[in-house]
Structures are given as C-alpha cells and as structure tokens.
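The structure under discussion appears below in the form of structure tokens.
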Amino acid sequence: MTEEAKKRPEFRNINVFTDLPTYRLPPAAKLSIMHRVSGMIMFFLLPFIVWMFDKSLSSELSYGDFTSVFHGAYGWIAKLVCLALIWAYLHHFCAGVRHLVMDVNHHMVNKAFGNSSAIACFAISLVLTAALGAKLFGLY
C-alpha cells in the first residue's frame with residue numbers, strides 16, 4: 001500500500017451531528033430513498049385511493065359528493081393529497097422502469113449510467129407531476 005492510501009480518514013464511530021450533514025449521497029442513492037418513500041406514501045394513502053374509487057363509481061350522487069370535496073372550502077387539502085399521490089405514483093413508476101432497464105441491460109450498469117438515469121428519473125417524474133398538478137389545480 002502507498003502512503004496516500006494509508007492517510008485516508010477512518011470513521012469508526014459516525015457522529016450524527018457532525019458527519020451525516022456533510023455526507024453527500026449520489027443521485028442514485030437519493031433516488032433509491034425516494035423510491036421507498038413514494039412506495040410508503042402510496043401504501044399509507046391506500047384508504048384514500050379506495051375511497052376515491054368507491055365514490056367515483058358507485059352512483060351519480062356519490063360522484064357528485066366526490067367532486068364536491070375538491071371544490072369545497074378545504075378542497076385544496078384534498079388536491080394536495082392527490083398531488084402527493086400523483087407524485088408518488090409517477091416517481092415510483094419511473095424508478096421502477098429504470099430498475100427494469102438496468103436489469104435487462106447488464107452491460108449498461110455502471111456509475112455514470114446510474115447517476116444520469118437517476119437524474120433523468122427525477123426530472124421526468126417532476127415534469128409529469130407538474131403537468132398533472134397544473135391540470136388538477138385548474139391551470140389549463
């Protein structure tokens with residue numbers, strides 16, 4: 001071993017307050033964490049999804065009740081919950097497609113592709129979320 005290899009810092013006990021704030025995760029690691037977060041959001045909001053599905057398909061009267069939630073005094077809360085669901089689904093879908101592409105093309109799996117595909121996945125999911133969020137909030 002060379003002298004420079006021996007001079008590298010060694011972290012035996014990582015301090016949460018001094019070491020973790022200075023640690024920079026690569027984009028692929030951030031994407032992996034957000035993939036798990038988006039899955040948890042979809043799981044915990046599953047009762048809301050089932051309620052929306054039930055109200056939208058039961059009858060015309062229940063569909064009217066369903067749409068009135070989004071136009072009432074607290075409609076912006078329901079729209080924000082739907083926007084969170086839209087983001088979670090789109091992010092989870094894009095990250096899942098990225099993982100499938102990496103599983104199929106083993107020769108493409110390297111650090112550069114991982115970083116660039118993670119950034120592309122973030123960009124695609126955020127652009128699609130912004131477009132659908134604009135439609136949800138009535139901007140077009």
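Quick note: the coordinates plus some simple rules give every number you see, no bench work behind them. Source: prediction; values computed, not measured. Reconstructed Cβ throughout: ideal geometry from the backbone, glycine too, with neighbour counts over all protein chains shown.
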Legend entry - Per-peptide average of other Cβ atoms within 10 Å, ordering 119-132, 57-70 highest first: 119-132, 57-70
Legend entry - Cα gyration tensor shape of region 1-102, rounded if a/c is under 1.5, else prolate or oblate by comparing a/b with b/c: prolate
Legend entry - Residues in region 74-97 reached by a label modelled at Lys30 [backbone nitrogen below 20 Å; 7 Å Cα→Cβ]: 84, 87-97
Inset, instruction - Mind scanning Lys7/Lys111; Lys30/Lys135; Lys30/Lys111 and naming the pairs with a C-alpha gap bigger than 19 Å? - result: Lys7/Lys111; Lys30/Lys135
Inset, instruction - Determine the gain in length on full extension of the stretch Ala73-Thr22; use 0.36 nm per residue of separation and subtract their C-alpha separation, reporting nm with one decimal. - result: 14.0 nm
Inset, instruction - Let me know the charge dipole size of region 13-125 about its Cα centre in debye, to the nearest 20, where only the beta-carbon of Lys, Arg (+1) and Asp, Glu (-1) is charged. - result: 400
Legend entry - region 20-69: proportion of alpha-carbon pairs further apart than 17 angstrom, %: 57
Inset, instruction - Mind running the shape call on region 47-95? Use the C-alpha gyration tensor, a ≥ b ≥ c as the square roots of the eigenvalues: rounded below 1.5 for a/c, prolate if a/b tops b/c, oblate otherwise. - result: oblate
Inset, instruction - Kindly provide the helix-only [θ] at 222 nm of the chain, computed as the sum of -39,500 (n - 2.57) over DSSP H runs of four or more divided by all residues, to the nearest 500 deg cm²/dmol? - result: -24500 deg cm²/dmol
